[in-house]
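Undergrad: One structure coming up, written as C-alpha cells, with questions to follow.
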Amino acid sequence: MGKLKSTSAWFIADANVLIDYAKTSIAILGQVAKHVGPVYVAADVLEEVEQLDEAQCKAIGLTVVDGNLAQLTEASQRGGPLSFEDKLCLVLARDNGWACLSNDGPLRDACKAQGVPVVWGLEIMLSLVEGGHLEGADAITVAQAIHAVNPMFITAKILSAFQRKVKGKSPKKIM
C-alpha cells in the first residue's frame, strides 16, 4: 500500500467522492478496492448518487453495506453540520476501523475529532501510482476531469498540488 496518512487499508466512500469518480472514471475506485484495500459504500449514501447503482458498485468491486439499527439511530440524531448520510459514513468508519474517503470539510473534521482516519478523494490515486497500478499521467488526467466536473471543491490549487505529488511518486520496482 502507498503512504497514506491513514493507518487503515479499508475505506468507506462518501457521496462527493463517489460522484466525482462516477462522473469521470469509476474504475479508479475499483482499482483501489483491488490493489489498496476494500472500498465500502453505505446503501443510504448510494441512494444520493444518481450516477451509480448497487449493481455497478458490485461490478467494479465496491461493497455496499447497511448500518445496523444502533448505527442508523446514531446517524439520525439531529444537530450539527453533517447530513444523515455523512453521519452514517462516520459511524460506519469508526465502528469498523475504516478510513473515510471524503472531500467534505465538516465530515473530515468530525472524523478527525473521533479519531477516524480520513483520505482525500484524489489522494487515494497516489497509492495506485506508487504501487505501479496506475500511470502518473493517467492519475493526472482523471484529476483534471474531476476538477472539470467539480471545480468548486476540486480547485485549481488542489489540482496543482496533486499534480506535484504525482510527479514526485514513482512505482516501486519489482525485483
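Undergrad: Which ones in the stretch 66-83 are among the aliphatic types (A, V, I, L, M) and within 15 Å of Leu107 (Cβ to Cβ)? Working first, answer last.
TA: Taking the stretch 66-83 as the starting set, the residues that turn out to be among the aliphatic types (A, V, I, L, M) are 69-70, 72, 75, 82.
Passing the criteria: Ala75, Leu82.
Undergrad: Does Gln77 count as touching a residue at least 24 places away in the same chain (Cβ under 8 Å) and over 18 Å from the mean Cα position of the chain (by Cα)? It would help to see each step written out before you state the result.
TA: Details: touching a residue at least 24 places away in the same chain (Cβ under 8 Å): no; over 18 Å from the mean Cα position of the chain (by Cα): yes.
Here the answer is no, as Gln77 does not meet what is asked.
Undergrad: Of everything in the stretch 115-164, what is in contact with a His (Cβ under 8 Å, 6 or more places away or on another chain) and surrounded by fewer than 20 Cβ atoms within 10 Å (Cβ to Cβ)? Give them in sequence order. If you could, list the steps in order and put the result at the bottom.
TA: Going through the stretch 115-164, the residues in contact with a His (Cβ under 8 Å, 6 or more places away or on another chain) turn out to be 127-128, 131, 133, 154-156, 158-159.
Selection gives Gly131, His133, Thr155, Ala156, Ile158, Leu159.
Coordinate-derived values only; no laboratory data. Worth saying up front: this structure is predicted, and the values here are computed from it rather than measured. We place every Cβ from the backbone using ideal geometry, glycine too, and count neighbours over all the protein chains shown.
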